[in-house]
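Below is one structure, written out as structure tokens, with a few remarks after it.
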Amino acid sequence: MTTPTERNLRDDEIISQHARSSPYDVSVCGTLDDLDLRAQCPLDNGRHFTRPSGTTLQAPAGVLEHWLPLELIHLILVKLDIPSLTTFRRVNRRAMALVNSLHQYQVLITHTPNMIRAILSVNATSFSLRTLCATLARSPPNCESCGCLAGYLYLITCHRLCRLCISRKHIYRPVKLGDPALITVAAADDPRLKKIPQVLTVPGKYLFSPAQPLQERTPVLDRRAVLEIFFDGNEERLQELESLGTGGVAISQNWWKFALARMMLSHVALVSAPVSLDFAGEGKAEWAMYCKSCMAYRRKKFLKHCKEAGISVTIFEQAESLTSRPRDWNLGIYWAQTRIEECLTPELNALVNTVQTDPAYRRHEESVLPVYNGATGELLKDLPAPHAIRLKRRAWLNLIRTGLDVRYSKKLTSVTLSPDSAKVTAHFTDATTSTGTLLIGADGAHSITRSFLFQSDPSSAALQHHPISSFATLTTLFPATARAVRSLHRQFYITLDPSGMFNFISLHDCESEDPGEWVWMLVLSWKPKEGEETGKLAEDSGLLLERVRELTGELVYPFDKVYRDIKPGTKTWYSSSLGYWPTKEWDSRGGRVSLAGDAAHVQTFHRGQGLGNAIADVAELQTHIRAMQAHTQEELAKAVGKYEREVWKRGRDVVMQNLQNTVEVHDWETVLQSSLVREGLQRDRELE
């Protein structure tokens with residue numbers, strides 16, 4: 001039997017494993033809490049001696065004290081905003097004593113000093129001490145917008161908000177006083193501007209985005225009030241004007257930076273708030289707790305949530321760092337959008353657009369991937385690609401690692417199992433090990449984990465190869481070529497031609513306003529000629545580029561020009577064959593070792609199905625693990641077994657279908673009957 005103290009210690013241990021102090025585990029600040037407000041806005045409370053408010057001091061607080069009793073003075077003081085109350089408190093010791101005698105003020109100073117610092121730092125004057133206390137004391141402490149538990153206070157209007165609404169809803173995205181949208185409808189001295197709730201920004205870098213940090217204190221105004229006063233509530237009109245730069249010139253290629261900067265403004269007025277603050281009693285405060293993997297909870301519910309999930313995860317990455325690999329590329333999500341929402345927290349889902357190859361692009365139902373005849377320029381077909389997006393790999397990985405324990409320079413060498421059939425140990429090249437209850441091998445096409453699972457028959461784990469050569473690079477193009485390519489499609493296109501070549505061109509980075517600085521990903525594949533010196537092509541990048549230009553020389557403009565624009569010395573990649581592994585059933589050793597991603601279904605790339613299937617793996621696995629009735633090895637084995645049965649069927653089907661599609665797109669006689677042309681980028685119907 002455990003004592004209450006022992007139970008509390010056990011609860012604290014569980015919470016420490018799963019909780020974090022704020023929803024973002026990053027080095028730059030997400031809210032005002034993450035700035036060093038203690039240094040920037042020190043409070044003097046408790047540092048000065050003041051006599052009780054009922055005693056007489058030589059210097060009175062003002063003329064009102066001669067005519068009004070203390071109770072009425074208190075009623076006046078609680079109607080002041082915090083900056084004004086602080087200014088009055090600095091008048092003299094008598095004023096300090098009067099303010100300190102306010103019970104509400106003492107509760108706030110005792111339990112929420114950082115909130116007071118934040119209010120003073122941004123000069124939030126649109127609400128009084130009474131309004132602030134009423135907001136904090138209100139039960140339940142739910143978000144003004146969505147009704148979820150809200151652990152944050154929006155300092156422009158003194159409303160409780162959850163992090164998801166802050167990230168997603170435009171109405172909580174304030175408007176800068178000097179914003180072109182506001183300049184269009186109001187003069188700088190317009191008296192109506194002074195009536196709008198507003199705060200001053202605190203310099204710093206907010207969010208984990210490429211947006212530039214705020215360098216100066218700038219007034220930002222409540223968006224709802226701006227809409228009502230200047231735009232008759234027309235949000236579309238305001239957004240239209242916001243998309244214009246200074247002088248009414250449309251922001252083009254750098255639009256996404258402006259969008260991120262505006263999104264960042266939502267966080268400059270955001271500070272943590274207790275979900276319970278007792279002003280009537282002892283003034284106890286309770287703060288929201290944030291799961292590493294999902295959302296905000298009160299302590300009791302959070303403890304229950306931790307015990308229900310109870311899953312501690314560590315990711316071991318063989319690369320030395322996120323950027324250590326010389327090659328970056330981009331990836332497409334075509335049919336897995338709903339499944340990705342199952343895998344990410346709401347906060348991260350809201351930021352997926354920021355890691356697109358074109359962050360200003362917004363997915364939509366009518367999206368297509370055009371396929372051209374490279375030899376004639378004829379449009380063969382617009383492949384339906386509803387809601388398709390393309391993500392930069394490095395930026396995507398940086399986003400999804402948020403809140404996770406990722407350990408780098410951990411290349412797997414072997415796997416061992418404990419004699420009691422309960423544990424599995426991973427061994428790494430640096431002589432370290434890690435032991436757990438489940439090892440998921442997501443270690444790519446040449447998976448060590450897969451080799452372990454098929455160690456009794458190594459040939460069953462080996463890659464198979466199809467004789468198709470491929471070339472890839474990331475490169476800039478001459479400005480005229482870049483504009484011509486993007487005029488065909490904003491994001492990507494494919495060319496096929498009678499010679500049997502497959503050519504995929506995708507925008508990778510359009511941060512610059514100069515088209516000559518846009519980065520493109522080029523992927524070319526072909527059936528090698530008999531006697532083609534593949535070994536020399538792999539070793540000599542100059543010879544490889546000559547071969548690629550020879551292959552594409554008969555294409556029409558601009559399809560041919562993109563390869564002629566590749567500058568000497570540009571990093572290129574070449575493979576003389578394409579690997580694939582038709583998924584086979586494996587023995588998970590009692591639910592202790594399994595596979596996901598390319599390790600589970602290595603496939604050729606010509607239909608862009610790799611990332612979608614990897615996302616489906618994660619969604620399936622977490623669904624079955626969350627459904628476990630208890631945290632036992634037997635329940636885990638059942639959950640892993642359910643996941644694997646789905647992956648085995650889906651994996652083998654998708655690998656073989658993509659291989660058949662690869663064969664067909666490199667043969668002009670069959671290309672129009674290929675899965676790519678017939679079915680596009682959607683998930684295969686028989687797998688749905």
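The values are calculated or read from the model by the stated rules, or taken from the named source; none is laboratory data. The structure presented is a predicted model; accordingly, all values stated were derived computationally and were not measured. Here the Cβ positions follow ideal geometry from the backbone for every residue, glycine too, while neighbour counts run over all protein chains shown. Each accessible area value is taken on the protein alone, full model and side chains, heavy atoms only, with ligands, DNA and RNA left out. Shrake-Rupley method; radii C 1.70, N 1.55, O 1.52, S 1.80 Å.
What the table below lists for this structure:
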{"read-out": "Spin-label model distance (nm) - S577 vs V91, 7 Å beyond Cα toward Cβ", "value": "8.8 nm"}
{"read-out": "For the range 381-443 versus the range 579-647, the gap between their alpha-carbon centres in whole angstrom", "value": "13 Å"}
{"read-out": "Trypsin sites (Lys or Arg not before Pro) lying in DSSP loop within the range 424-502, provided at most 15 other Cβ fall within 10 Å", "value": "R490"}
{"read-out": "Among 347-353, 627-633, the order from most to least packed when residues are scored by Cβ within 10 Å on average", "value": "347-353, 627-633"}
{"read-out": "Long-range amide H partners of Y372 with built H, under 5 Å", "value": "L380, I494, T495, L496"}
{"read-out": "Of the trypsin sites (Lys or Arg not before Pro) in the range 129-202, those whose Cβ has at most 12 other Cβ within 10 Å and which sit in DSSP loop", "value": "R138, K195"}
{"read-out": "Rg(Cα) / (2.2 N^0.38 Å) computed for the range 325-394, rounded to two decimals", "value": "1.32"}
{"read-out": "Size-normalised alpha-carbon gyration radius of the range 608-686, reference 2.2 N^0.38 Å", "value": "1.45"}
{"read-out": "Positive-end extreme of charge dipole, the range 535-688 - chosen from S674, I625, V654 (charges on Cβ)", "value": "I625"}
{"read-out": "Trypsin sites (Lys or Arg not before Pro) restricted to DSSP loop in the range 336-441 with at most 12 other C-beta within 10 Å", "value": "R362"}
{"read-out": "Volume of the Cα convex hull of the range 438-493, divided per residue and given in Å³", "value": "154 Å³"}
{"read-out": "Derived scalar couplings ³J(HN,Hα) [the range 580-594; Karplus, 6.51 cos²θ - 1.76 cosθ + 1.60; whole Hz; x for Gly, Pro]", "value": "8, 9, x, 3, 10, 5, 10, 8, 7, 6, x, x, 9, 9, 8"}
{"read-out": "Packing-based ranking, highest mean first, of 657-667, 365-375 given that Cβ atoms within 10 Å are counted", "value": "657-667, 365-375"}
{"read-out": "Estimated distance in nm for a label pair at D36 and E532, the labels positioned 7 Å out from Cα along Cα-to-Cβ", "value": "5.9 nm"}
{"read-out": "Alpha-carbon centroid distance for the pair the range 484-504 / the range 527-542, whole angstrom", "value": "23 Å"}
{"read-out": "Along each principal axis, Cα extent of the range 507-666, largest first, Å", "value": "61, 45, 27"}
{"read-out": "Total charge dipole magnitude, the range 391-463, about the Cα centre, Cβ charges on Lys, Arg, Asp, Glu only, Debye to nearest 20", "value": "460 debye"}
{"read-out": "Of K529/K561; K423/K638; K410/K571, pairs whose Cα-Cα distance is over 20 Å", "value": "K529/K561; K410/K571"}
{"read-out": "Other-chain or far-sequence residues with amide H under 5 Å of T218's (modelled H)", "value": "T201"}
{"read-out": "Karplus-derived 3J(HN,Hα), 6.51/-1.76/1.60, for each residue of the range 443-458, Hz, glycine and proline x", "value": "9, x, 4, 9, 5, 5, 4, 5, 4, 5, 5, 10, 5, 6, 9, x"}
{"read-out": "Å² of accessible area per residue within the range 449-515, as computed with a 1.4 Å probe and no ligands counted", "value": "36 Å²"}
{"read-out": "Rh (Kirkwood; distinct C-alpha pairs) - the range 78-121, Å", "value": "10.6 Å"}
{"read-out": "Under-5 Å amide H pairs with G441, H placed in peptide plane, nonlocal only", "value": "S594, L595, A596"}
